[in-house]
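Here the structure comes first, spelled out in structure tokens, and everything after it is commentary.
The values are calculated or read from the model by the stated rules, or taken from the named source; none is laboratory data. Every value quoted in this text rests on a predicted model; they were computed, and no experiment measured them. We place every Cβ from the backbone using ideal geometry, glycine too, and count neighbours over all the protein chains shown.
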Amino acid sequence: MIKLPRADFRGKIIEDCIRERMSKRYYRAEPLKIEEVAQILWAAQGMINKEKRSAPSAGATYPLKLYAMCGNVDGLEKGLYLYLSQEHALEEKINEDLRKSLCKCALNQEWIEKAALVLIFVAVYKRTTMYYGERGTMYVHIETGHSAQNVYLECVSMGLGTVAVGAFHPGEVKKLLLLSKEEEPLYIMPIGRI
Ligand SMILES: Cc1cc2nc3c(=O)[nH]c(=O)nc-3n(C[C@H](O)[C@H](O)[C@H](O)COP(=O)(O)O)c2cc1C
């Protein structure tokens, strides 16, 4: 387990972040700092107090798991990590640079291969559907949007670029990331310096 630096709660004012938010698909080939990665992960799914995460969740069921594919991050080996919200830490999953393969799973969208960091939002539906039945599925998708928007805005705040990617083959991504049966990939966000 790799403990991450504490998130810095200061930044640009929210109106500037909203106004400047735009999808960015081309990144400089420069590394991200581990502090920047920590800040983005916190914005996406970090803890705001002992129980609650940064994005709202139906019934606080927290169905999302956030994977971080690190390709060019100072102080982190290339590979796939799982973000542990409570611990604000990373758990190493696969010790290999999978960006090129992930790019192939996503219709060769090259921004995935070129990004220093790629987030993969994965859902465990049953955490929510066991309380809300079929509507729970929709709730999980809505929650993913909340979380992804936090990433967009946090990236603006730090001068980084990102784009939400929904066009990919989920079965191929599942295989590549060695996800379990209950884990469903929903969204991919490549991130880099612009
Ligand atoms: C659900 C969803 C799926 C998307 N999928 C992709 C994608 O696969 N590839 C991509 O380059 N952009 C994707 N986008 C980004 C949109 O193309 C982008 O948000 C849109 O063109 C508006 O531009 P803006 O984000 O700069 O305002 C997606 C956006 C959403 C909301």
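Taking strands (runs of 3 or more DSSP E) as the structural unit, those lying wholly within region 79-127 and holding at least 3 residues that are within 16 Å of the ligand (Cβ to nearest atom) and within 19 Å of ARG53 (Cα to Cα) correspond to 117-123. Answer with yes or no whether VAL118 is buried (at least 23 other Cβ atoms within 10 Å of the Cβ), within 21 Å of SER180 (Cα to Cα), modelled with pLDDT of 95 or more and of a type in the set (Val, Ile, Thr). Judged against the criteria, VAL118 is a match.
Under the condition of being among the small types (Gly, Ala, Ser) and part of a helix (DSSP H, G or I), the residues counted in region 30-68 number 6. For region 10-29: of the residues being loosely packed, with under 13 Cβ neighbours inside 10 Å and in a loop (DSSP other than H, G, I, E, B), which is farthest from the ligand (Cβ to nearest atom)? Within region 10-29, the match that is farthest from the ligand (Cβ to nearest atom) is ARG10.
Against the list (1) touching a helix residue (DSSP H, G or I) at 6+ places or on another chain (Cβ under 9 Å); (2) surrounded by 16 or more Cβ atoms within 10 Å (Cβ to Cβ); (3) hydrophobic (A, V, I, L, M, F, W, C), the condition ALA89 fails is (1).
Within region 134-162, residues that are closer than 14 Å to SER57 by Cβ sit with their Cβ atoms under 8 Å from residues that are within 14 Å of the ligand (Cβ to nearest atom) and not aliphatic (A, V, I, L, M), at 6+ positions apart or across chains, in these pairs: THR144/PHE121; THR144/TYR187; SER147/PHE121; ALA148/PHE121; ALA148/TYR187. Within region 155-184, restricting attention to residues that are part of a helix (DSSP H, G or I) and more than 27 Å from PRO31 (Cα to Cα), the residue that is nearest to the ligand (Cβ to nearest atom) is PRO170. GLU172 fulfils the conditions (1) in contact with a helix residue (DSSP H, G or I) (Cβ under 7 Å, 6 or more places away or on another chain); (2) charged (D, E, K, R); (3) closer than 26 Å to GLU20 by Cβ except for a single criterion, (3).
Looking at the structure I just gave you, is ARG193 closer than 22 Å to LYS33 by Cβ and free of Cβ contacts under 8 Å to residues at least 60 places away in the same chain? Against the criterion (closer than 22 Å to LYS33 by Cβ and free of Cβ contacts under 8 Å to residues at least 60 places away in the same chain), ARG193 does not qualify. The listed residues are ALA7, ALA58, ALA44, and the only one of them that is away from the ligand (no atom under 16 Å from the Cβ) and either within 25 Å of LEU179 (Cβ to Cβ) or exposed (fewer than 15 other Cβ atoms within 10 Å of the Cβ) (or both) turns out to be ALA58.
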